[in-house]
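Notes follow once the structure below has been shown.
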Amino acid sequence: MDTSYAPVSSADIDVIGLLAYSALAAMTRLAKDGDQAPDIEAHVAHARMSARAFTIFEQLNVWATHRGVDLLAAAGQYSGLYDDLDARTRPTTWCERTVKTYVTVGIMGDLLCEVATRHELFDAAVTDWDLTQGEWERQHLAPLIAADPQLAARLSLWARRVAGEVLGLARATLFTHPDLARDPDTADEIADFVTKRHGQRMAQLNLKA
């Protein structure tokens, strides 16, 4: 532990653990998306996204090591956090798979950034939780959706189903770990914020929230 750094509270350790576990989950999800991608260009793009997610984990590990925080223990308390979500939202097509990731990474990314900001853990944002996945979706999938009303209707319905599960998970996580919100009375405010941001992202993909 570097004594030049201020001690880290148990509440802040909970936040770091959630950030780290979510980075690993995003890494795995994006790698799987790449494996199922329809062409080699998409496969490579998603491999790079996955690498960015692991880079975030490594950055968090450096931060934690300097402060004497056991990052693996902190992240381990969230093990299985996304399992029920994945079990209830199994995609049947590539489009469903990639929209699911867009929704999940978007909502949870907003939650993570908001929580980290409220705890004032970093001098600047440690990560761009979009991981460029959102940019890729808007460039490659949004035009297809705009040109196909049936696809738009089907994926809008799917995205609403996924979003319901992810928003439920976000609220449950804030309830189960009240220190994440710093002030438990602001949990609803955070949930409302991520919900609003989700609606904006759906419009960018030509989908109805």
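The values are calculated or read from the model by the stated rules, or taken from the named source; none is laboratory data. The structure presented is a predicted model; accordingly, all values stated were derived computationally and were not measured. Here the Cβ positions follow ideal geometry from the backbone for every residue, glycine too, while neighbour counts run over all protein chains shown.
Numerical summary
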read-out	value
Residue that is farthest from the chain's Cα centre (by Cα), among those in segment 45-59 that are among the aliphatic types (A, V, I, L, M) and surrounded by 17 or more Cβ atoms within 10 Å (Cβ to Cβ)	Ala45
Flag if Arg161 is more than 19 Å from Ala53 (Cα to Cα), at pLDDT below 95 and part of a helix (DSSP H, G or I)	no
Filter pass, Trp158 being closer than 19 Å to Arg97 by Cα, surrounded by 15 or more Cβ atoms within 10 Å (Cβ to Cβ) and in contact with an Asp or Glu (Cβ under 6 Å, 6 or more places away or on another chain)	yes
From Ser22, Ser79, residue being out of contact with any Asp or Glu (no Cβ under 9 Å at 6 or more places or on another chain), closer than 29 Å to Phe175 by Cβ, among the small types (Gly, Ala, Ser) and buried (at least 19 other Cβ atoms within 10 Å of the Cβ)	Ser22
Looking only at segment 96-155, and only at residues there that are of a type in the set (D, E, K, R) and outside any helix (DSSP H, G or I), the one that is farthest from the chain's Cα centre (by Cα)	Asp148
Residue list for segment 28-44, restricted to those being assigned to a helix (DSSP H, G or I) and surrounded by fewer than 20 Cβ atoms within 10 Å (Cβ to Cβ)	Thr28, Ala31, Lys32, Gly34, Asp35, Ile40, Glu41, Ala42, His43, Val44
Any pair with Cβ under 8 angstrom, 6 or more apart, that starts in segment 104-133 at a residue that is surrounded by fewer than 21 Cβ atoms within 10 Å (Cβ to Cβ) and ends at one that is acidic (Asp, Glu) and modelled with pLDDT of 90 or more	His119/Asp12; Leu121/Asp12
